[in-house]
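To keep things clear, I will list the structure first and then write my remarks on it.
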Amino acid sequence: MSSFPSSPLLAARAMCAVGTFVALSTFSLSAANSSSNWKFDFGTVNAAPGYTAVTPAETYSAERGFGFEPGSGALVATDRGGKDPLTGDFITSNQAFFFSANVPEGNYRVRVTLGDSAGESTTTIKAELRRLMVEHATTKSGKFETVEFIVNTRSPKITAVGDIKEGVVNLKAPRESEQEAWAWDDKITLEFNDSHPAICAVEITRVDVPTIYVLGDSTVCDQSKEPFASWGQMLPRFFQPVVAISNHGESGETYSSSLGRRRIDKIVSTLKPGEVVLMQFGHNDQKEKGEGKGPFLHYKDNIKKHVAMIRARGGVPVIVSPMERRAFDDAGKVRRSLSDFAEGARQAAKEIDAPFIDLNAMSVPFYEFLEAKGKDVSRQAFAGQDNTHHNNYGSYELAKAIAQGLREAKVDVAKYLRPDFTGFDPRHPDPLETFALPATPGRQGPRPLGE
């Protein structure tokens with residue numbers, strides 16, 4: 001799984017990264033994997049002391065262990081001179097570009113120095129599968145800023161712990177094994193995007209910080225391709241760089257398949273006491289038919305199985321109800337299709353005394369607010385003609401709903417939300433007109449699994 005997808009689109013997607021690095025021009029793969037700190041000076045061959053120079057010529061290879069991925073825009077190194085070799089030069093492009101470096105599985109603090117001594121810069125940074133890390137960081141001419149965020153990397157390997165046996169996550173082929181391979185590979189990949197990204201330096205350091213795990217279906221997972229997105233991949237933007245977000249969701253999944261494919265086993269194998277696991281299923285569970293199936297039987301039972309596994313390791317399970325689909329009656333009110341599963345999730349949370357976020361209830365006024373602005377305006381929160389899966393705007397707003405839910409449920413990790421998160425009222429979301437998250441380049445991807 002160490003190889004990056006070969007097509008420019010897949011490379012671009014994978015690069016949609018969480019940002020951190022760039023590469024060692026004379027660094028070997030084995031050396032990279034034995035280190036816990038990587039320092040890169042972007043621009044020309046003249047690097048600051050203690051940093052490795054990264055120029056536009058460094059393309060990624062497994063042998064080198066770092067480099068720019070296929071799908072990157074035309075890279076330009078600009079040297080402004082000056083006394084500081086770290087900020088005197090930078091790399092930019094007229095479109096998004098992606099950089100990868102080999103790192104072991106774990107959590108990493110990424111520090112990116114941005115700016116241009118002779119002009120303004122605006123940079124948005126994503127990581128791995130388009131996880132939003134930094135949104136519209138701007139610097140004025142001659143000014144520099146260092147932004148920080150935490151990126152989680154993982155492999156399919158499951159380490160034996162307690163009742164969990166050694167093994168691997170049963171990835172879906174070819175979706176996860178090929179199209180989404182970079183979600184499970186041995187690299188950290190960063191996407192640098194926006195109107196004028198100016199990347200001076202990247203430092204990546206392995207850190208031991210609390211992890212927030214996310215588990216769910218296609219409305220939760222890290223979607224690899226535009227125009228699809230999920231709240232799980234927007235959530236990192238709202239947390240301070242003192243916690244990691246590890247998204248184990250996948251398209252088409254249910255609580256049953258989480259057990260069968262060992263996704264929950266993977267989480268539990270690395271879970272530490274006090275760490276949170278956010279769980280949201282329902283869209284695909286709804287299709288499970290047969291004796292004992294349904295929102296108040298099999299669904300609730302599987303929720304409780306997950307909770308028991310998490311609590312056995314000292315973790316904190318947070319149950320999230322599934323958001324509604326996009327469908328309206330003649331009065332502009334949402335036609336409920338998942339209310340039974342939302343109620344099943346609520347009942348399970350109450351019966352086992354687990355924190356509960358009613359995303360279903362929050363999604364309804366959000367959709368209705370948009371639709372009240374005009375027929376089909378709510379579609380602007382969804383991916384094209386899809387009535388289940390969201391675009392960047394819809395996912396961004398639902399991630400804010402999750403953040404608000406954590407705060408209202410008094411889950412301890414809510415204290416790590418960024419100061420600029422002032423709360424979320426689904427009846428008054430961010431204006432559509434001012435939302436402008438730059439899309440990751442590449443052709444439109446296939447529709448996620450599930451409805």
All but one of (1) β-branched (Val, Ile, Thr); (2) over 28 Å from Pro448 (Cα atoms); (3) part of a loop (DSSP other than H, G, I, E, B) hold for Thr388, so report the exception by its number.
(2)
Just wondering, is there one or more residues in segment 396-409 that are at pLDDT 95 or above, closer than 23 Å to Gly294 by Cβ and in contact with a strand residue (DSSP E or B) (Cβ under 8 Å, 6 or more places away or on another chain)?
no
Here's a check for you: in segment 105-132, which residue that is under 22 Å from Glu180 (Cβ atoms) and touching a Lys or Arg at 6+ places or on another chain (Cβ under 6 Å) is surrounded by the fewest Cβ atoms within 10 Å (Cβ to Cβ)?
Glu105
For Ser72, which of the numbered conditions (1) surrounded by 23 or more Cβ atoms within 10 Å (Cβ to Cβ); (2) at pLDDT 95 or above fails to hold?
(2)
Taking the conditions exactly as written (touching a residue at least 40 places away in the same chain (Cβ under 8 Å), in contact with an Asp or Glu (Cβ under 8 Å, 6 or more places away or on another chain), in the same structural domain as Asp301 (by TED's automatic domain parsing) and assigned to a loop (DSSP other than H, G, I, E, B)), does Glu250 satisfy them or not?
yes
Would you confirm whether any residue within segment 141-152 is outside the structural domain of Gly260 (by TED's automatic domain parsing), over 21 Å from Ser230 (Cα atoms) and polar (S, T, N, Q)?
yes
Please determine whether any residue of segment 264-276 is among the small types (Gly, Ala, Ser) and at negative phi.
yes
Where a residue in segment 188-210 is closer than 16 Å to Thr87 by Cβ and its partner, wherever it lies, is basic (Lys, Arg), with Cβ under 7 Å and at least six apart:
Glu203/Lys39; Glu203/Arg111
Of (1) touching a strand residue (DSSP E or B) at 6+ places or on another chain (Cβ under 8 Å); (2) part of a helix (DSSP H, G or I), Ser177 satisfies every one except (1)
Determine whether Gly374 is surrounded by fewer than 22 Cβ atoms within 10 Å (Cβ to Cβ), over 23 Å from Leu338 (Cβ atoms) and of a type outside the set (A, V, I, L, M, F, W, C).
yes
Selected residue (criterion: farthest from Gln95 (Cα to Cα)) from residues of segment 144-174 that are in a strand (DSSP E or B) and not β-branched (Val, Ile, Thr):
Gly167
Any residue in segment 154-171 that is under 21 Å from the mean Cα position of the chain (by Cα), assigned by TED's automatic domain parsing to the domain that holds Asn46, surrounded by 24 or more Cβ atoms within 10 Å (Cβ to Cβ) and of a type in the set (Ser, Thr, Tyr)?
no
Scanning segment 281-336 for residues that are polar (S, T, N, Q) and at pLDDT 95 or above, the one surrounded by the most Cβ atoms within 10 Å (Cβ to Cβ) turns out to be Ser321
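The values are calculated or read from the model by the stated rules, or taken from the named source; none is laboratory data. Treat the numbers as computed from the prediction; the structure is a model and nothing was measured. All Cβ positions, even for glycine, are placed from backbone atoms using ideal geometry, and neighbour counts span all protein chains on display.
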